[in-house]
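Asks: Right, I'll just put the structure down here and ask away after.
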Amino acid sequence: MNGQQLFDQIDSLAKEYLRVWEDVCNIESPSRHKAGVDAVGKYFSAMAAARGWEVETFPHAVSGDVVCITMNPTAKGEMVCISGHMDTVHPLGSFGTPAVRIEGDRIYGPGVTDCKGGIVAGFLAMDALSRLGFSDRPVRLLLQSDEEVSSMPSNKETIGYICRKAEGATAFLNLENDKGHGNLCIARKGIVTFDFTVHGVAGHSSRCAIEGANAILEAAHKIIELEKIKDNDGLTCCCSVISGGTVPNTIPDFCRFQANVRFANMAQYEWMCQKAKEVAETVFVPGCRTALETSTFRVAMEEEERNRDLLARMNRIYREVGLPEMGAEMNTGGSDAADVASCGIPCVDSIGVYGEKIHSVKEWASIPSLAKSAKYVASAIAWL
């Protein structure tokens, strides 16, 4: 098998996999809709079983079941893992019925780019290799079920399973979407969401100058302090959700807001935890008090030499088979690759399909990028 044979095989299967892409994106699967996520997992499991590949399911009572598909499970070579998430952010019905439409060289629908398109590209890469008789190493496709909510509903059990199944891999290629910059991701920011609950003292709004303690005013002071944190290459803080008060003529005695923070490394995370604590404890409006909790957390994918080395190895392959080399970049969004990388496994991310408008009802993906992604993935699997 050479590069041209592999690429020709992928191109010959692309039309068939466009139908797969359409099928799985028509199965709506918001993170907390277990039935939908499980239906996506069963779709891919059936496809894998029909090809004679090994299928294992990690069941979960709350989140969707994680699926582990292995091709060549008894092969002697070093294992390569590819991974993507089956869940989406879109509420049921957001895209209408059917959820997917195709216009020209674009496909529109929930998860077409983030991240079902990537999963389809990964499956296509495996299928093409299998049809050409590739049997040198185990290839493992790991399908995550609650990535979009940082694996919090499963108490991190789903991503923990993926990390265990990736143990010992020579490479972990995450199928998040290609950003269109000619780069692959070797570092990602971590994410933490802080919940601030402010308690004040209620009273008549006409007497706000002499009585009561306005919880919304207290929250406003805290938000202004937190919103000063704006370093695109390091820490950023966005206060994005707020609620409080009851009626216009009452001093509000309650306000709750959330601050979403992105950080590049654990030192920044620890500094931010201390900063959030200080802001919570500082009283701007006498009579108010604040409770602080953490509702979401995702570790950073820190810039490590092993990730750079993996990308360099991949680029040597791409030069040999005639594919354009890929640059390296850091992404500000989180992904499961961060958890896997924290286990010491070499990781490269954003090798999935290209598209835009993710996390919106205008999400679309480039249909030609399906074969392109599969070629990059398959080449890495075959010759790393």
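The values are calculated or read from the model by the stated rules, or taken from the named source; none is laboratory data. Just so it is clear, the model here is predicted, and its values are computed rather than measured. All Cβ positions, glycine included, derive from the backbone under ideal geometry; neighbour counts span all protein chains shown. Side chains are part of the model used for accessible areas, which takes the heavy atoms of the whole protein and leaves out ligands, DNA and RNA. Shrake-Rupley method; radii C 1.70, N 1.55, O 1.52, S 1.80 Å.
Asks: Just give me the residues in the stretch 359-384 being more than 16 Å from Gly122 (Cβ to Cβ) and basic (Lys, Arg), in sequence order. So that I can check it myself, show each step before the final result.
Replies: To start, the set of residues in the stretch 359-384 that are more than 16 Å from Gly122 (Cβ to Cβ) comprises 359-364, 366-368, 383.
Across the stretch 359-384, the qualifying residue is only Lys362.
Asks: Has the stretch 27-39 got any residue that is buried (at least 18 other Cβ atoms within 10 Å of the Cβ), within 20 Å of the chain's Cα centre (by Cα) and among the polar types (S, T, N, Q)?
Replies: Yes, some residue in the stretch 27-39 is buried (at least 18 other Cβ atoms within 10 Å of the Cβ), within 20 Å of the chain's Cα centre (by Cα) and among the polar types (S, T, N, Q).
Here is a yes/no grid of residues against (1) open to solvent by 10 Å² or more (accessible area, probe 1.4 Å); (2) hydrophobic (A, V, I, L, M, F, W, C):
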| residue | (1), (2) |
| --- | --- |
| Ile69 | no, yes |
| Thr74 | yes, no |
| Met79 | yes, yes |
| Asp87 | no, no |
| Leu92 | yes, yes |
| Phe95 | yes, yes |
| Gly117 | no, no |
| Val120 | no, yes |
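Asks: Could you tell me how many of the residues in the stretch 307-356 are open to solvent by less than 30 Å² (accessible area, probe 1.4 Å) and touching an Asp or Glu at 6+ places or on another chain (Cβ under 6 Å)?
Replies: Result for the stretch 307-356: 8.
Asks: Find all pairs meeting these conditions: Cβ atoms under 8 angstrom apart; at least six residues apart or on different chains; first residue within the stretch 120-145 and closer than 15 Å to Cys81 by Cβ; second residue part of a loop (DSSP other than H, G, I, E, B) and among the hydroxyl-bearing types (Ser, Thr, Tyr).
Replies: Every condition considered, the pairs that remain are Pro138/Thr74; Gln144/Ser151.
Asks: Please state which one of Ser130, Ser151 is of a type in the set (Gly, Ala, Ser) and modelled with pLDDT of 95 or more. First the steps, then the outcome.
Replies: Numbers: Ser151 fails: modelled with pLDDT of 95 or more.
When all the criteria are applied, what remains is Ser130.
Asks: Test Ala46 against the criterion of being open to solvent by 30 Å² or more (accessible area, probe 1.4 Å) and outside any loop (DSSP other than H, G, I, E, B), and give yes or no.
Replies: Here the answer is yes, as Ala46 does meet what is asked.
Asks: Just to be sure before I move on: is Val279 in contact with an Asp or Glu (Cβ under 6 Å, 6 or more places away or on another chain), of a type outside the set (Phe, Trp, Tyr) and assigned to a loop (DSSP other than H, G, I, E, B) in the structure I sent? Step through it out loud before you land on a result.
Replies: Values: in contact with an Asp or Glu (Cβ under 6 Å, 6 or more places away or on another chain): yes; of a type outside the set (Phe, Trp, Tyr): yes; assigned to a loop (DSSP other than H, G, I, E, B): no.
Here the answer is no, as Val279 does not meet what is asked.
Asks: I'd like the full set of residues that are touching a Ser or Thr at 6+ places or on another chain (Cβ under 7 Å) and open to solvent by 10 Å² or more (accessible area, probe 1.4 Å), limited to the stretch 151-175.
Replies: Matches in the stretch 151-175: Met152, Pro153.
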